[in-house]
1. Considering only segment 96-132, state which residues are surrounded by 23 or more Cβ atoms within 10 Å (Cβ to Cβ), under 26 Å from Thr199 (Cβ atoms) and in contact with a helix residue (DSSP H, G or I) (Cβ under 9 Å, 6 or more places away or on another chain).
2. So how many residues does segment 56-75 have that are near the ligand (Cβ under 10 Å from one of its atoms), farther than 10 Å from Met14 by Cβ and not in a strand (DSSP E or B)?
3. Could you tell me which numbered condition Val207 fails, if it satisfies all but one of (1) of a type in the set (A, V, I, L, M); (2) under 30 Å from Gly87 (Cβ atoms); (3) in a loop (DSSP other than H, G, I, E, B)?
4. Would you be able to say whether some residue in segment 33-55 is more than 7 Å from the ligand (Cβ to nearest atom), modelled with pLDDT of 95 or more and more than 30 Å from Asp133 (Cβ to Cβ)?
5. Only one of (1) surrounded by 19 or more Cβ atoms within 10 Å (Cβ to Cβ); (2) assigned to a strand (DSSP E or B); (3) free of Cβ contacts under 8 Å to residues at least 60 places away in the same chain; (4) not basic (Lys, Arg) fails for Glu89. Which number is that?
6. If you take the residues in segment 210-247 that are within 16 Å of the ligand (Cβ to nearest atom) and part of a loop (DSSP other than H, G, I, E, B), which one is surrounded by the most Cβ atoms within 10 Å (Cβ to Cβ)?
7. For segment 266-278, which positions are surrounded by 21 or more Cβ atoms within 10 Å (Cβ to Cβ) and not in a strand (DSSP E or B)?
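The values are calculated or read from the model by the stated rules, or taken from the named source; none is laboratory data. Given the structure is predicted, the values throughout are model-derived calculations rather than measurements. Here the Cβ positions follow ideal geometry from the backbone for every residue, glycine too, while neighbour counts run over all protein chains shown.
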Amino acid sequence: MYDLVIVGAGVAGMSASIYASRYKMDHLIFGETPGGQGMLAGAVENYPGYVSVPGPELMQKIVDQVKHYGVEVKQESIKGLVKIEGGFEVKTDKEKYQAKTLVLAMGASYRHLNIPGEEKLIGKGVSYCSTCDAPLFKGKIVAVIGGGNAALSGAIHLASFAKKVLIIHRRDEYRAEPIRVERLRQNRKIEEILTNEVTEIKGQEKVEAIVSKNPYQGSQEIKVDGVFIEIGQVPSSVLAGQLGVVVDKQGYIEVNPGMVTNIPGVFAAGDIAAIEGGIHFRQFVTAAADGARAAAGVYQYLQGEAPTPSWDQKLTR
Ligand SMILES: Cc1cc2nc3c(=O)[nH]c(=O)nc-3n(C[C@H](O)[C@H](O)[C@H](O)COP(=O)(O)OP(=O)(O)OC[C@H]3O[C@@H](n4cnc5c(N)ncnc54)[C@H](O)[C@@H]3O)c2cc1C
């Protein structure tokens, strides 16, 4: 029986593995896609130590660091997690494994519009993360698609770099908090295009234009350099449900600041985790930090110490 199985080989899982190796824990790490979402990122400009680095290059360096400690990243799909005496059984598409503890780091994926041109131009002007990519659009024209808090915050953030920001929403009013709507409308660089659906993203090597359709006025082509699709994320938390791990209304795994879930021996880290009392900030650097804390929690658990803080312990501020 392994000390630990890490489910997910994105930044969170790999950071957990690096720390687990240094704690001398006998562990395995699984990832259908080693590198996770990082493999889709264009230039990453907010990870400490790099002014700018392509996502796949950053991920490869982290995979190399995991392997440096003699750990293999297993490219197997985990199909089932079951509680057994003294730990958990992990069933993949190839084999069964047993471990005393688990770190769940299955990540999340950005919702896509699934329109022509979108997949082809990811990283070439199509982005799902304004926090990540806004500085790449200095002096350019960008469109933000969505009407919730993320879309409006993204548009406001982008306006501090871009020449012009178009916010395009399919309804005639936003779902975002009124204070954000007010701030959006005060920003003279932002133009609102409501009751419009983007039906196509055009461009060969990079984004050149979008096609936007209004039910009354028909379609128009608008020249833009970038498109930010901010219509939410979907956490990959199906496996958590199999163990009875508590998830929030959106499906994110609830953890306390020690990355502890409600099931003893099960920890969660990265984009999939919703930290009690924390803001939802899903980035490489936060995923890496979560992974480190989860591994430290596992070590503590294996030593027979009660996790600090425990699941039941409420935050005192
Ligand atoms: C296009 C794009 C650009 C981005 N740019 C930036 C940026 O510039 N800066 C920044 O800080 N953040 C950026 N992000 C966000 C960043 O990528 C994420 O916050 C981070 O990668 C989350 O890491 P994670 O390990 O939690 O999850 P993920 O990277 O989602 O990794 C999840 C892992 O779990 C595996 N997995 C899931 N289910 C299973 C299963 N059943 N069996 C086996 N494996 C499974 C996946 O294959 C994957 O290996 C970007 C995201 C995207 C999509």
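1. Of everything in segment 96-132, those that are surrounded by 23 or more Cβ atoms within 10 Å (Cβ to Cβ), under 26 Å from Thr199 (Cβ atoms) and in contact with a helix residue (DSSP H, G or I) (Cβ under 9 Å, 6 or more places away or on another chain) turn out to be Gly125, Ser127, Tyr128, Ser130.
2. Count: 2.
3. (2)
4. No, segment 33-55 has no match at all.
5. Only one criterion in (1) surrounded by 19 or more Cβ atoms within 10 Å (Cβ to Cβ); (2) assigned to a strand (DSSP E or B); (3) free of Cβ contacts under 8 Å to residues at least 60 places away in the same chain; (4) not basic (Lys, Arg) is unmet by Glu89, namely (1).
6. From segment 210-247, those within 16 Å of the ligand (Cβ to nearest atom) are 226-243, 245, 247; that's our starting set.
Subsequent filtering for residues that are part of a loop (DSSP other than H, G, I, E, B) retains 230-232, 236-237, 245.
Numbers: Glu230: 25, Ile231: 17, Gly232: 14, Ser236: 20, Ser237: 21, Val245: 20.
Only one residue tops the list, namely Glu230.
7. Ala269, Gly270, Asp271, Ile272, listed by residue number.
Okay, residues lined up against (1) at positive phi; (2) within 22 Å of the chain's Cα centre (by Cα); (3) away from the ligand (no atom under 12 Å from the Cβ):
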| residue | (1), (2), (3) |
| --- | --- |
| Asp93 | no, no, no |
| Gln98 | no, no, yes |
| Thr101 | no, no, yes |
| Ser109 | no, yes, no |
| His112 | no, yes, no |
| Gly117 | yes, no, yes |
| Lys124 | no, yes, no |
| Leu136 | no, yes, no |
